[in-house]
Structures are given as structure tokens and as C-alpha cells.
Amino acid sequence: MHYATEISRLKTYYAGLEAAQHLDVPQSLRDEMAEDLADPKTEDYYRESITFAFSVYLPVCNVMRYIVNNRILCEDIPDIVDSIDECTPQLPPEEIYKALQSVAPFAVPEYIRTIPCPSNVLEQLLQSFQDADCDTFVSLIKDNPCDLRPISVICSQLWPDVQPLLGLDEDEQLLVADTQTHRSRYGLEQDDVAIYDAGDRMYASMLRTEEDLNDETLEQYFEDYYRYLNVHLAAVLHLYWDDYDRFKQRERALLERLLLRPEYADTYKRLLHEYQYGDTFALPNDYFSRLSAVGTQLTEFMNPNPIIVKAGPEKFTQLVEYLAQQGYIADTPEEKYLFAYRFSGRMRPETLHPIVWHGKNNKPYELIYLVRNLTERGNYKKMRAFFTGPQWVKNNDSSYAIGASYQLKKFLYDLYPDLPNQL
């Protein structure tokens, strides 16, 4: 019986997930936007911001809200309860009731059951919420010994529903209200300077339109609005990438389908690249414990020598940095991560290209030496596919490793003295 209930809940959850991407936009607003976007005279700044807001930003935020409110926070309940202490603040019952309205009906009981209170009171709380009876819900809490600390923490982390914003009549009210609603989001730091600066800048532009509405102030307003949406969505994406392993495959597929829409695909890829590589090259501590690429991607890399894996990512990082500093490969994070991938199969870059190898006297001897020592079996066919630049030898590649620079051999030996037949 319990198994059947879980299956039913899962089906309900995924049905709601799919529905979350579709905004219930009032027909009048939908018609107005469609007419504006179809009009060739519509200014590009309006077209760009409105298209992005309704095609990418709002659907992504609504899907994220659904996932956080109805699954992730549910899973976090034990940790939240364990974190409660005497100093944990309690929200007024009216705020708790309002916050729970952003949760799907199947998940609400899990949150209400975190309220320590008599069993009969708990059942009445569940029933009053189901009946949409806020007065009774509030009275039950006020008239009985209810500890609101756990549910207050949960409610403070719930993402508010964007849907009420779509019922507003005027576009400007919609845009401004949207910013205010999204200032407090699950997982986002309250002192996120970029988000606040972008929001404040947009508010200032809005005030200027109220004082003097003309083409210039209106254009500035929409440009600042568009900038705010991008800044906030970038912060949401960092939350998504930071907790990537917590998202289910279907959740990821839906989010990335929205994020790769034409209005945002290039920006999304750029932000992901910056998130993955940043301004510096540093392999994570779990680099070699991550799964290597599978299936057809086996042709994209060489399997690392077990001695290299055992020595860990810190030494591997030092080797890649050395090769870049010596000019064998370009000294950029992108090229270093690509080199590491070619010799490990971990952390696949989004795009692959041949690495330009600058060997001594335009010879491939140092690269051959590395392939022979860093990989399980020297695959020189892959070497030629992964690298470009040197004058390749005609045959018997491994025999040319002896011609590699002594400095490189010494550096590799100092890093990995257990590798056989180095010097």
C-alpha cells in the first residue's frame, strides 16, 4: 500500500513539474504582448526584455520554485529539525499560512507535521489548510501549544509563487512587483551585491519614468529590467549548478530545455563555462573519483595510468600548470582543462578541439613521452587526433620518447617517482 502511495505521489509530482513551465498568463495580457511583439514598429528593447522574461526567466524560476518547494525542502526536513535551537525565530501563523500556499497540496502535510503539537490539533491544522480556512488555521496555532520553529525555518526558505504577478493589469506593475518578490530566494545570499544593485538600478529607472515618461526613460527602464533578470537568473543558475547532483534527470532535462531556448542559449553556455573554469585552473579534490565519460566518448580521451590517479589531482594540476608555463600548451584555463580531459576523461568541456602542442624544435618528443607515461597504454593514434602542431614521426612513436627534454623528465619524475622507466 505504501509503495502504491509513493508511485502515485511521484506521478503527481512530475505532472506538476511539467505544468510549472507553463505560466497561466491572463488572456488579455497574452493578447497584448502578442500584438506588441508582432508589430514591426515595436522597439527592440521591449521585444528583447519581454520575450526573455516570459520565455525563459519566469518559466525557469517557476520550475525551480516547484522543485525546491515540493521536493528538495521536503528531503531537508530532518536536517532542518536537527538544526533548531532556542534562538530560532518563529514566524507569525498568518505568514506561515501564506507561505504554505506556494506549496503543492501533496507536500503541504509534510511541512505542517513538523509542528510539535497535540495530535488532534495537528489533524485540525491539516484539515483547515485543506479547506482554505486561514482563520481557523491561525486560531488553532494561537490557542494551542505549537512550536513553530521548524516550520518557520522551512517557510523562510520557500520560493514565492510568481503566478499572482501575472494577474496584474499593467506591464510596469508586473515588472516591478516581480523584482520585489524575487529578492528573497532559497539559497541566495541576502547580501548578494549584484542582485541588489541591479534591482535598485531598475527601481531608479522606474521612478524616472513616473516623473517623465518619454522614449529615453522608457528604454532605460526596460534595459535595466532586462539586466536585472539576467543577473538574478545567473544567481539562480549558480544555485542549480552548486546542487546539481540533487536534481533528478527529468528536472535537469526540463530546466536545460528552457535555458537553451534561442533567447538565452549563448548566455547560458557562457555562464556555464565561467562557472566551470573561472579565471584559474584548479582540479577539484574529487577529480579522479568522478566517473569518466562513457559510450562513444571513450574515443575522446586516454585512460590515465593508475599511478597518476592514485597520486591525486593536486599533482596532476601541477603538471598541467608546468606544461602551460613552459609553453607546451596555451596558458589559459580552457586549454588546461581540455588537456586534463584528454589524459583523464574527467570533467568534459562543452566543446572539444585539437590542442596546439609547441614541442622543442617543433618535435613531438615531449608529448610522446607524456602519452607513454601518463596513460595506461600509449595510444599514439589518439595523440595525433587530440593534438596538432608538431612534425609527427613516421612510425614507432614510443621509441622517440627518449628524445624528450631532460627538464620535463626531471619534473615528471619529481612528481611521480613511482612511474617506471622515466629518466
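The values are calculated or read from the model by the stated rules, or taken from the named source; none is laboratory data. Here the structure is a predicted model, which is why all the values come from computation and not from measurement. Positions of Cβ are backbone-derived with ideal geometry, glycine not excepted, and every protein chain shown enters the neighbour counts. Accessible surface is based on the protein model in full, side chains and every heavy atom, while ligands, DNA and RNA are left aside. Shrake-Rupley method; radii C 1.70, N 1.55, O 1.52, S 1.80 Å.
Below is a table of values for the structure above.
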read-out	value
When segment 271-328 is reduced to its Cα atoms, the Kirkwood hydrodynamic radius in Å	13.2
Accessible surface, 1.4 Å probe, highest first, among residues SER49, SER139, SER289	SER289, SER139, SER49
In range of the label at ALA104: residues from segment 53-95 whose backbone nitrogen is under 15 Å from the point 7 Å along Cα→Cβ	62-75
Gained length - ALA19 relative to GLU75, 0.36 nm times residue gap less alpha-carbon distance	18.0 nm
The chain - mean residue ellipticity at 222 nm from DSSP helices (-39,500 (n - 2.57) per run, n ≥ 4, rounded to 500)	-17000 deg cm²/dmol
Sequence-distant lysines (8 or more away, or on other chains) whose Cα lies within less than 27 Å of LYS310	LYS336, LYS381, LYS382, LYS409, LYS410
Gain upon complete extension [GLN90, GLU216; 0.36 nm per residue less C-alpha separation]	40.7 nm
For peptides 77-89, 331-343, 371-383, 398-410, sequence by mean Cβ density within 10 Å, most packed first	331-343, 371-383, 398-410, 77-89
Sequence-distant aspartates and glutamates (8 or more away, or on other chains) whose Cα lies within less than 15 Å of LYS363	ASP397
In nm, spacing of pseudo-spin labels at VAL356 and GLU48 (7 Å Cα→C-beta vector)	3.2
Amide N proximity, segment 119-140 versus SER8 label position 7 Å along Cα-to-Cβ, cut-off under 20 Å	123, 126-131
Listed values [x] 29.1; [y] 48.8; [z] 20.1, entry calculated as mean projected area of the Cα convex hull in nm²	[x]
